[in-house]
Amino acid sequence: MTSDNTRLRIAIQKSGRLSKECQQLLKGCGVKLNIREQRLIAHAENMPIDLLLVRDDDIPGLVMDGVVDLGVVGENVLEETLMERQAQGEAAEFNVLKRLDFGGCRLSLAVAQDADYPDVKSLEGKRIATSYPWLLKRFMDKQGVKFKSVMLNGSVEVAPRAGVADAICDLVSTGATLEANGLVEADVIFRSKAVLIQSAAELPLAKQAVIDKLLPRIQGLQQARESKYIMLHAPKARLEEVIDLLPGAERPTIMPLAGETNQVAIHVVSSEDMFWETMEGLKELGASSILVLPIEKMME
Ligand code: ATP
Ligand code: MG
């Protein structure tokens, strides 16, 4: 770790489900990175930012202890660490700067496909394997169901078959891993996305200035991903109906078409995607040359 306290320190996952998107996010913000395999730290070339590449489990603690200024981590890991540290009376302060649009998953209870599971009460007194004992306990306490926690840091999904547990509580995104292990999702106990968090420690102005630059850029990238640039030709006579059909379009630009008096060109930034059904509806109103384009960046 460098002792240079003027550079913003950001902890991200070294390798795993969040690392590619974290690096892309920073790249999208204009941060030029030179990440080398096997290195714990990477310096940005064009901004005063140092990246710490670590296991995702370490990120909440690094932020809460003020070792790094920012971190990107799944809410599942963040919430679990928070509860564990609070229980142990350790420092557990941080601020969530932004919920990000990747790393989506859910923490769910899963049981054997042939299990009798009318509801969560059927797990009363059972053994549940998980890497998230605190999140699981909070949920089960709320449901008033007593259980035995079997702590496993990996291969949770094989626990029932191995006779180690009766059910599991693990992360799910598609459910394919569960299915491959003869399990079915029974109850969702927590929904998670990646979040950008900041240490509670007060930052020197220079570092705060870098954060103030990054945040609107992240916002701009996220907004751009949700938006589309739409262009089309429409008959003047049906202009209002056409505009009504355009999704999330507030103030379209209307332009004349060279050598064409009955039609105009419409350009609009839409806050949502356009479905095929909408395009077909536009076509029925006489619209043509409909283009839906991705937007890379946005600033309002
Ligand atoms: P590390 O070596 O950094 O500890 P890991 O194996 O604990 O890695 P990953 O599997 O890379 O972690 O997942 C990192 C995070 O990605 C999870 O904590 C979760 O927030 C998110 N995630 C998104 N989808 C999934 C999924 N299908 N399964 C597991 N995690 C997912
Ligand atoms: Mg981990």
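Quick check on L53: is it within 15 Å of ligand 1 (Cβ to nearest atom) and touching a strand residue (DSSP E or B) at 6+ places or on another chain (Cβ under 7 Å)? Walk me through it before giving the result.
Details: within 15 Å of ligand 1 (Cβ to nearest atom): yes; touching a strand residue (DSSP E or B) at 6+ places or on another chain (Cβ under 7 Å): yes.
It is true that L53 is within 15 Å of ligand 1 (Cβ to nearest atom) and touching a strand residue (DSSP E or B) at 6+ places or on another chain (Cβ under 7 Å).
Scan the stretch 161-180 residue by residue and report those that are more than 23 Å from the chain's Cα centre (by Cα) and surrounded by 19 or more Cβ atoms within 10 Å (Cβ to Cβ).
Residues of the stretch 161-180 that are more than 23 Å from the chain's Cα centre (by Cα), as a first pass: 161-168, 179-180.
Hits for the stretch 161-180 are A165, D166, A167, I168.
Among the candidates A87, A110, the residue that is under 21 Å from E179 (Cβ atoms), away from ligand 2 (no atom under 15 Å from the Cβ) and small (G, A, S) is uniquely A110.
When we screen V72, V68, V77 for residues that are without any contact (Cβ under 8 Å) to a residue 40 or more places away in the chain, within 16 Å of ligand 1 (Cβ to nearest atom) and crowded, with 19+ Cβ neighbours inside 10 Å, the only hit is V77. Please state which of the following conditions K121 fails to meet, knowing it meets all the rest: (1) under 22 Å from E157 (Cα atoms); (2) charged (D, E, K, R); (3) without any contact (Cβ under 8 Å) to a residue 60 or more places away in the chain; (4) surrounded by 13 or more Cβ atoms within 10 Å (Cβ to Cβ). For K121, the failing item is (4). Taking (1) crowded, with 17+ Cβ neighbours inside 10 Å; (2) free of Cβ contacts under 8 Å to residues at least 60 places away in the same chain; (3) in contact with a helix residue (DSSP H, G or I) (Cβ under 9 Å, 6 or more places away or on another chain) in turn, E272 satisfies each apart from (1).
Evaluate the following for D58: is it within 16 Å of ligand 1 (Cβ to nearest atom), closer than 26 Å to E90 by Cβ and not polar (S, T, N, Q)? I'd like the intermediate steps shown before the answer.
Working: within 16 Å of ligand 1 (Cβ to nearest atom): yes; closer than 26 Å to E90 by Cβ: yes; not polar (S, T, N, Q): yes.
It is true that D58 is within 16 Å of ligand 1 (Cβ to nearest atom), closer than 26 Å to E90 by Cβ and not polar (S, T, N, Q).
Checking each residue of the stretch 154-172 against the condition of being β-branched (V, I, T) and in the same structural domain as N76 (by TED's automatic domain parsing) gives no match.
Consider T174 against the criteria (1) among the β-branched types (V, I, T); (2) outside any loop (DSSP other than H, G, I, E, B); (3) within 23 Å of D57 (Cα to Cα): it satisfies all of them except one. Which criterion is unmet? If we test T174 against (1) among the β-branched types (V, I, T); (2) outside any loop (DSSP other than H, G, I, E, B); (3) within 23 Å of D57 (Cα to Cα), just (2) comes out false.
Only one entry in R238, R251 is of a type in the set (K, R), more than 19 Å from L26 (Cα to Cα) and exposed (fewer than 12 other Cβ atoms within 10 Å of the Cβ), namely R251.
Where in the stretch 197-300 are there helices (runs of 4 or more DSSP H), lying fully within it, with 2 or more residues that are among the polar types (S, T, N, Q) and assigned by TED's automatic domain parsing to the domain that holds D50?
On the way: elements: 205-226, 239-245, 276-284.
Per the criteria, 205-226.
For the stretch 24-50, filtering for residues that are on the phi > 0 side of the Ramachandran plot and surrounded by 13 or more Cβ atoms within 10 Å (Cβ to Cβ) leaves 1.
The values are calculated or read from the model by the stated rules, or taken from the named source; none is laboratory data. Model, not experiment: these values are computed from the prediction. All Cβ positions, even for glycine, are placed from backbone atoms using ideal geometry, and neighbour counts span all protein chains on display.
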